[in-house]
Amino acid sequence: MSDDNKGSSHQTGPLINVNNVKKIYLDELSALDGVSLKVHPKEFVSIVGHSGAGKTTLLKMILAEEFPTEGDVFFADMKIHDLNKKEMNLYRRRIGMVFQDFRLLPNKTAFENIAFAMEAAGRGDEDIASDVPHVLDLVDLGDKIWNFPNELSGGEKQRLAIARAIVNQPDVVIADEPTGNLDPINTHDIVQILKKINDLGTTVILTTHNKGVIDSLDHRVVTMENGKIVRDDSHGKYII
Amino acid sequence: MIWTSIKRVLRTGFVSFWRNGFVTAASILVMTVTLFVLGSLVFLDAMLDASLGQIQSKVDVNVYFTLDAEEAEMFEVRDSIAALPEVAEVEYVSKEEALEEFTRRHEDDQLILQALDELDDNPLGAHLNIRAKETSQYESIANFLGGDDALAQSKFKSIDKVNYFQNKDAIDKLSKLISSVDTLSFAILIIFIIISILIVFNTIRLAIYTAKEEISVMKLVGASNAYIRWPFVIEGIMYGVVSGIFALVLFYPVTIWLGPFTENFFGATNVFDYYVNNFSQMFLILIVSGAVLGALSSYLAVKKYLRI
């Protein structure tokens, strides 16, 4: 993976191109059935659908956590499932991931959780010392820098997860049901942070069940059912 | 950059070891017990070796010379025997020394002493006490002295008797017994080493199992396999080293307590003396085996969760 095609700002085609992807488990259970999706730089795309519609499987394909049975996934023209280990590590550093269950490192403080992502990306100690407090301030956790995840509320944990996702200035932030475990106030806060990230030029892909979130965003909405994309509206609403 | 990575890996390993609290305590407890058992086997093996060595040292073969044998001939025989690779030691006992030893041994038996006084000459011949390196080697030494070809040689004509053949059965039995005990203790040691490896591996695997979610998150933020794996390996080494130290310290009161008992049971071998005299060896065995086991177990256990 060369540095020439690393940044999304020079990307003219789609940043993510999911091309006719099928995923079949145990020879019969079809989780994705010929899904094609193009996501362009700086877009905010929400993916909605019932449980089992294939949203999380699609995200796992993009993250290369799962391999497609058929079809390809491209990221900035790279066929991601053909990347070797080293290239895969570099690729994953270009994606910021936010999970419903936060997936923070429990034995590390807020500072260390974010520092770990920076260390993994090969950033220096000086960068870490200056950027971590800054990014924690951005998500309003400046006063929780030395707290462990079990000392934070659900909303704070998710904000910490978002801070970790954005600290390496990724090309895209993927948020898988980030508000699923949160109350309405925290949900609103998380959505505002994601919008802010997108306004600053980062592509955001969001999956959610929350109708209120989708309707308030007024962005592109992709609707999935039974492993297929059944609707793709540029200024969509939550319609299932 | 490489130094920064090493520093970070070491720091992360040490911090995780400290913060993992219960998991660390449980792992150290199991590893301490395992290393203690392993160390006990080393002690037992040493005690057994010392006891067998003592028994072996009491076995010898004696070559008795004729009364008219010349001293030069006897020395020639002694030197031929000493040159054999199986021989550990050859002691020449002259006629006078033999008589002196006989008299000392029977100093309370007036009848024998009187009988000796009535004789004009020393009735005892000179002899050689031969000790082999292994009990099983006495037969080949005796064959060297007693074989047809050997007897035909002029230098062996001064030999009156070799007592191996009278004691052959007892020596053979002892030889077999020593060999069986050696084999058995070695087999037990190997079995316990394998059991120890499995216990330590499973303990560390369980400790790392609790971190499998963390490992998957580390992968998803783009950390390299080495960057994820090495802190766990450092943590495994810490488990081993700390457990080794605990086991080593635990042996101090235990060997003091068992010392007099082992001295009686194993004959003049005190386990506490062995512990003190071989402290550096025990230190290396327990600490190094703990560290190697911990590192290897961690390495293999983490590998399983790196496959995403």
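The values are calculated or read from the model by the stated rules, or taken from the named source; none is laboratory data. On a predicted model such as this, the values are computed, not experimentally measured, just so you know. So basically every Cβ, Gly included, is an ideal-geometry build from the backbone, and we count neighbours across all protein chains shown.
Brief remarks follow.
- When residues in the stretch B:168-194 are screened for being more than 13 Å from B:Glu139 (Cβ to Cβ), small (Gly, Ala, Ser) and in contact (Cβ under 8 Å) with a residue 12 or more places away in the chain, 2 of them pass.
- Hey, A:Leu104 under 24 Å from B:Glu213 (Cβ atoms) and not in a helix (DSSP H, G or I) or not: yes
- Every residue from the stretch B:221-233 that is within 14 Å of chain A (Cβ to nearest Cβ) and either surrounded by 20 or more Cβ atoms within 10 Å (Cβ to Cβ) or touching a Ser or Thr at 6+ places or on another chain (Cβ under 8 Å) (or both): B:Val221, B:Gly222, B:Ala223, B:Tyr227, B:Ile228, B:Arg229, B:Trp230, B:Pro231, B:Phe232
- Restricting attention to the stretch A:47-86, the residues being assigned to a loop (DSSP other than H, G, I, E, B), surrounded by fewer than 16 Cβ atoms within 10 Å (Cβ to Cβ) and charged (D, E, K, R) number 1.
- Flag if A:His40 is surrounded by fewer than 18 Cβ atoms within 10 Å (Cβ to Cβ) and under 18 Å from the mean Cα position of the chain (by Cα): yes
- In the stretch B:22-39, of all residues being of a type in the set (A, V, I, L, M, F, W, C) and over 32 Å from the mean Cα position of the chain (by Cα), the one that is nearest to the other protein chains (Cβ to nearest Cβ) corresponds to B:Val23.
- Of all residues in the stretch B:1-21, those that are in contact with a Pro (Cβ under 7 Å, 6 or more places away or on another chain) and more than 10 Å from chain A (Cβ to nearest Cβ) total 1.
- Of the candidates A:Ala163, A:Ala120, the single residue that is surrounded by 15 or more Cβ atoms within 10 Å (Cβ to Cβ), more than 10 Å from every other protein chain (Cβ to nearest Cβ) and of a type in the set (A, V, I, L, M) is A:Ala163.
- For the stretch B:91-111, filtering for residues that are more than 30 Å from B:Lys157 (Cβ to Cβ) and surrounded by 14 or more Cβ atoms within 10 Å (Cβ to Cβ) leaves 1.
- Among the residues of the stretch A:138-149, those that are over 21 Å from the mean Cα position of the chain (by Cα) and surrounded by 17 or more Cβ atoms within 10 Å (Cβ to Cβ) comprise A:Lys144, A:Phe148.
- When the stretch A:96-114 is limited to residues that are touching a Pro at 6+ places or on another chain (Cβ under 6 Å) and facing chain B (nearest Cβ under 8 Å), the one that is nearest to A:Gly13 (Cα to Cα) turns out to be A:Leu104.
- Flag if A:Ile205 is within 19 Å of A:Glu156 (Cα to Cα) and either crowded, with 20+ Cβ neighbours inside 10 Å or modelled with pLDDT of 90 or more (or both): no
A quick yes/no check of all residues on (1) under 30 Å from B:Trp3 (Cα atoms); (2) small (Gly, Ala, Ser); (3) away from every other protein chain (no Cβ under 14 Å); (4) touching a strand residue (DSSP E or B) at 6+ places or on another chain (Cβ under 6 Å):
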| site | (1), (2), (3), (4) |
| --- | --- |
| B:Ser243 | yes, yes, yes, no |
| B:Trp257 | no, no, yes, no |
| B:Asn270 | no, no, yes, no |
| B:Asp273 | no, no, yes, no |
| B:Ser280 | no, yes, yes, no |
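Condition check ((1) under 26 Å from A:Glu65 (Cα atoms); (2) of a type outside the set (Phe, Trp, Tyr); (3) under 16 Å from the mean Cα position of the chain (by Cα)) across all residues:
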site: A:Arg92; (1), (2), (3): yes, yes, yes
site: A:Met97; (1), (2), (3): yes, yes, yes
site: A:Phe102; (1), (2), (3): yes, no, yes
site: A:Asn107; (1), (2), (3): yes, yes, no
site: A:Ala110; (1), (2), (3): yes, yes, no
site: A:Ala115; (1), (2), (3): yes, yes, no
site: A:Glu119; (1), (2), (3): yes, yes, no
site: A:Gly124; (1), (2), (3): no, yes, no
site: A:Ser130; (1), (2), (3): no, yes, no
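- Some residue of the stretch B:207-217 being closer than 30 Å to B:Phe43 by Cβ and more than 14 Å from chain A (Cβ to nearest Cβ): no
- Matching residues in the stretch A:58-87 - criterion: being facing chain B (nearest Cβ under 8 Å) and either more than 25 Å from A:Leu29 (Cβ to Cβ) or of a type in the set (A, V, I, L, M, F, W, C) (or both): A:Leu63, A:Lys85, A:Lys86
- Residue list for the stretch B:59-74, filter: touching a strand residue (DSSP E or B) at 6+ places or on another chain (Cβ under 7 Å), farther than 16 Å from B:Ser140 by Cβ and not in a loop (DSSP other than H, G, I, E, B): B:Asn62, B:Tyr64, B:Phe65, B:Met74
- When restricted to residues that are buried (at least 18 other Cβ atoms within 10 Å of the Cβ) and either within 11 Å of chain B (Cβ to nearest Cβ) or more than 23 Å from B:Lys219 (Cβ to Cβ) (or both), the stretch A:124-137 contains 2.
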